[in-house]
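Derivation of every value follows stated rules applied to the coordinates shown; laboratory data play no part. Quick caveat, the model's predicted, so the values are computed rather than measured. All Cβ positions, even for glycine, are placed from backbone atoms using ideal geometry, and neighbour counts span all protein chains on display.
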């Protein structure tokens, strides 16, 4: 028996075949991975399954019964649950409120909270997903917010669970935990669809792997016949090497120095605790750590004005604390933000405008106060050419591009401003293999031009392969630094959990 | 390439037209429900709007203050500031302008620009308080500007009745002293007559038309050619991205708010300096609120606001026609303008989604 069978699914957006005769099935007690580059059509397929889009052609069968899924409520009622990449949570609500939202029960108009709380607590222990039910979601780190998403789906009794890049925000240990949860759910006979860019994880957990490219299924592989190079090749249609070529490090003077940073959150707990580190010219310093251990606060302290309890941030020996964002940018701090949609791009604006954003107020882009649009456009065309941004023109709005290309726009912008220090936060999150490789090359190129690069990433492979030195952040402190070569993935991973002395 | 660009333009231009047509259909349906045949309704509208040069010129005359009001609201909207206070700002701006017109003795070539500037300063000053409250203390401008509208109305009422009242002037309503002849706005009707458009003498196409055209151009230039305008649009699109990019968001919002207030100060020019020649508490109210609708329909762009203000002026005229020739009440025009906003928002959303999909396809 199949749990789910999607057959001949076709979805055409005006002019684009997002899905073309896609066939995909899922057995009970199976983890089926769906891989493909950004824009390959995975998300569209899952949105069809979840009732967010109607297919133009094709059928969906659940337990051998043809169904038509009209909307997400329909999907949920039929036992389909989705853990979204961008969380669908109400930030000021508590964890409990978020989980029961849409499935609330009441007694005489009063919300019933205790029964659901007990039920959820049980789901938590059964699946190894502990979260404080009374915490507000907005106060939780991203990793925990994701647990809330998973709990939401489980609470609704989903039989088919879709996970859209669930590991992007997790540490290796958390991934291990998540995969334990996956296996437990599989053993309960649930079917899991696992979307990921991380091929190691796919190979570790999946029973079958379906590769999609340009809206079509390239191949469905059994775990036994799959290998990392094979999948990567099927995904992009050509072999990709993720190995990073890098000259031996030749660090110069100290560019960035953080001295004893101490900061409290609005709720009063320490988020940065006497944190110190140095990044040298010609060096990539990788910051590894479980999401929510102070990385965002640390990045913010470097790139913008924040209230610190004590400590100093210095760029080439000069304190930056009194500088606002503009001054910091003008003095040579570049920043690839962790959330490109929220911070990185003016989505309705043209690529040309986005490519000068942050330096739009300076020569040669303005004369006096008047924008020199010819300069802006020619500069943008250069950026587009040298960073291989796939776009019909520099006047195309940023929201017309795929995720990988949008990220290239940000990387191109920050690189071409030629900063002294580049803070790169999750630079390849949600980016396809081809663009990832390109971004790696760019970071290494910045290093060889003598720039200081601070790389903050939840992807440990990325940190390990790019960094000359690695600092592990835990509860707002750097608890250990490794030089390249002395760190193994296991050591760093263990350290990220707060274990100072690794085996 | 060029062709696809212009295709998007045509699509973008088409959507408000569809919205307007849809709302006219609704108007006809309502009129039918009241018992008027569509032919008669359309004829009533036609007679009052497009039938002759006089009616047409009246529409353009009515459009001038509406354009300035729409432009003022749009200016603030561009920075994501909701200036609901245009109403109060033109009451105060007009008063400050009128005072400059009454109490200063200057030759006309100085006096005329001065009253315009004084009106702008008055409007900007009235906007400055809610602007500061927003930027410094985070008080939402919708609440403060609505309150300031009421305060402005009360203040103007008090001043015109009390300290500034022009006692001795023969008038049934409280008003100021008369504005000096050197500050009065003359008519431009003869310019139009010279190029063969017959504008009757009773229609006001006065100097405020020039002010409106100049302001429209300046706002367009600021928004689309200057870096301050770029920053205003960036802030209006995303506060977070703007902050990340080092744009001084509060300063930008303050600038846009004050500019909006300054433009609002000009809304009363025509009535005060061309039509009445005095400032009274009776000057037309509600233009600030019309301005919100006009800005929305015009997509907050100066060019869009030209069309939407003319459309609104057309609707106002059409309302008079309906009132006179049919059983349809004048107030229906408010229903229709509300519907029009709704329809245009919907059709805009549909076309912009369609355009985005086309662009994605092009980019893919």
Is segment A:173-262 rounded, prolate or oblate when judged by the Cα gyration tensor, a ≥ b ≥ c being the square roots of its eigenvalues, rounded requiring a/c under 1.5 and prolate requiring a/b larger than b/c?
oblate
Relative packing of B:79-91, A:340-352, A:48-60, which averages over residues the other C-beta atoms within 10 Å, highest first
B:79-91, A:340-352, A:48-60
Determine, for A:323, B:126, the number of other Cβ atoms within 10 Å of each Cβ, and report the residues in order from fewest to most.
A:323, B:126
Pulled fully out, how much extra length does the chain show between residue A:52 and residue A:420, if you take 0.36 nm times their separation in residues and subtract their Cα-Cα distance?
128.0 nm
Determine, from the Cβ-Cβ distance of residue B:37 and residue A:77 and an R0 of 41 Å, the FRET efficiency 1/(1 + (r/R0)^6), rounded to the nearest 0.05.
0.25
Over the whole of A:400-409, what's the average partner chain Cβ count within 10 Å per residue? Rounded to a whole number, please.
2
Average beta-carbon neighbours from other chains, 10 Å sphere, peptide B:231-244:
5
By the gyration tensor of its Cα atoms, with a ≥ b ≥ c the square roots of the eigenvalues, what is the shape of chain A: rounded for a/c under 1.5, prolate for a/b over b/c, or oblate?
prolate
Compute the distance from the alpha-carbon center of segment A:20-51 to that of segment B:313-364, in whole Å.
41
Full-extension gain between residue B:210 and residue B:275, please, as 0.36 nm times their residue separation minus the C-alpha to C-alpha distance.
21.8 nm
Shape of segment A:39-111 from its Cα gyration tensor (a ≥ b ≥ c, root eigenvalues): rounded if a/c is under 1.5, otherwise prolate when a/b > b/c, or oblate?
oblate
Pop a pseudo-label 7 angstrom from the Cα along the beta-carbon direction at both residue A:448 and residue A:173 and give the gap in nm to one decimal.
3.7
Considering only C-alpha atoms, what is the centroid distance from segment A:156-222 to segment B:72-141, in Å?
60
Could you line up A:322, A:383, A:250, A:465 from fewest to most neighbouring Cβ atoms inside 10 Å?
A:322, A:250, A:465, A:383
Applying 1/(1 + (r/R0)^6) with R0 = 25 Å to the Cβ-Cβ distance of residue A:369 and residue B:82, what FRET efficiency is obtained, to the nearest 0.05?
0.45
Please compute the modelled spin-label separation between residue A:386 and residue A:318, points set 7 Å along Cα→Cβ, answer in nm with one decimal.
2.5
Gaussian network model of chain B, springs between alpha carbon atoms under 10 Å - residue of B:280, B:326, B:176 with greatest fluctuation:
B:326
Per residue of A:344-354, count partner chain C-beta atoms within 10 Å of its C-beta, then hand back the mean as an integer.
4
Inter-label distance, nm, simple model (7 Å from Cα along the C-beta direction), residue B:128/residue A:105
6.2
Spin-label zone in segment B:78-95 - amide nitrogen under 14 Å from a point set 7 Å from the Cα of residue B:289 along the C-beta vector:
B:84-88
For A:246, B:134, A:180, which order do you get if you count the other beta carbons within 10 Å of each Cβ and list the fewest first?
A:180, A:246, B:134
Using Cα centres only, tell me the gap between segment A:378-399 and segment B:238-287 in whole Å.
37
